[in-house]
1. Of everything in the stretch 34-69, what is modelled with pLDDT under 95, touching a helix residue (DSSP H, G or I) at 6+ places or on another chain (Cβ under 8 Å) and charged (D, E, K, R)? Give them in sequence order.
2. Restrict the check to the stretch 183-195 and report whether at least one residue is within 19 Å of the chain's Cα centre (by Cα), of a type outside the set (Phe, Trp, Tyr) and not in a loop (DSSP other than H, G, I, E, B).
3. Give the residues of the stretch 84-98 that are at pLDDT 95 or above and assigned to a loop (DSSP other than H, G, I, E, B), sorted by residue number.
4. Test of understanding: among Asp105, Asp69, which residue is crowded, with 19+ Cβ neighbours inside 10 Å, acidic (Asp, Glu) and under 24 Å from Glu228 (Cβ atoms)?
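The values are calculated or read from the model by the stated rules, or taken from the named source; none is laboratory data. Note that the structure is a prediction, hence the values are computed from the model and not measured. Glycine also receives a Cβ, built like all others from the backbone with ideal geometry; neighbour counts cover every protein chain displayed.
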Amino acid sequence: MTEWYEKSFGEDYLLVYQHRDMQGAEHEVHNMVAWLKLEEHAKVLDLCCGMGRHSLVLAEAGNQVTGVDLSDELLAEAKSEDEQGQVRWLQSDMRRIPVQDGEFDAVLNLFTSFGYFTNDKEHIKVLEEIRRVLKPNGKFIIDFLNPAYVKRHLVPASSREAEGQQIEERRVIENGYVKKEITITSTEGGGEPRRYNERVKLYTCEEFRDMIHEAGLIIDQIHGSYDEDMYDPEESPRMIFVGRCPGERA
């Protein structure tokens, strides 16, 4: 059976999330670099890189960047923007990253590119892969939504128009997941509606901490947004975990 994330991250994803721009990525990368204290020409993995916005900004800042994503369509978009060939782009599932052990100084997993599976062990496998590919003392950032904030601010339904398409989004929290149903139709009529589903497991901060520790990683800080706010369990929109791999491998 095709999983939702195998279908949803295609050409229509580029339409639905076109509001995410390079200026925003530059702001976020600026803060991430400060948190990670990366040395010059650091080797960085952008895990679930999508359209490559952050990968490209990191590369332009002088880092050696690898972007990994499952979606051929999103990688094609990323490559089209990488006119100078600054980034190494790889197609892969996040549970099986096709790189060597200990290759990276830092790994980034941004904008809730986590929680896609139904089994906790699969999520821990992702975290174990992050540890595997990090150098000893290598750094990581995992950016996830804050469940308490999501529950209070969830917008059940919204509608907008973009590029001659009507985009309808319905959201619900159900059985420990936040779910979104997206329907796209032409404003000129004709053609069948295109429907997509997104589903992310709502891990609390404590549950996420436990998984990170089980994978053998160390948390140093938790931020509540990219404006360097410290994490507030009720008010912060995000849970941005900043940490590292142990200095020696077991």
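1. Arg53
2. Step one: list which residues in the stretch 183-195 are within 19 Å of the chain's Cα centre (by Cα), which gives none.
So far as the stretch 183-195 goes, no, none of its residues is within 19 Å of the chain's Cα centre (by Cα), of a type outside the set (Phe, Trp, Tyr) and not in a loop (DSSP other than H, G, I, E, B).
3. Step one: list which residues in the stretch 84-98 are at pLDDT 95 or above, which gives 85-98.
Hits for the stretch 84-98 are Gly85, Gln86, Ser92, Asp93, Met94, Arg95, Arg96, Ile97, Pro98.
4. Values: Asp69 fails: under 24 Å from Glu228 (Cβ atoms).
Result: Asp105 is the single residue among Asp105, Asp69 that is crowded, with 19+ Cβ neighbours inside 10 Å, acidic (Asp, Glu) and under 24 Å from Glu228 (Cβ atoms).
Yes or no, residue by residue, for (1) without any contact (Cβ under 8 Å) to a residue 24 or more places away in the chain; (2) touching a Leu at 6+ places or on another chain (Cβ under 7 Å):
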site	(1), (2)
Gly189	yes, no
Tyr196	no, no
His213	yes, no
Asp220	no, no
Ser225	yes, no
Arg238	no, yes
Gly243	no, yes
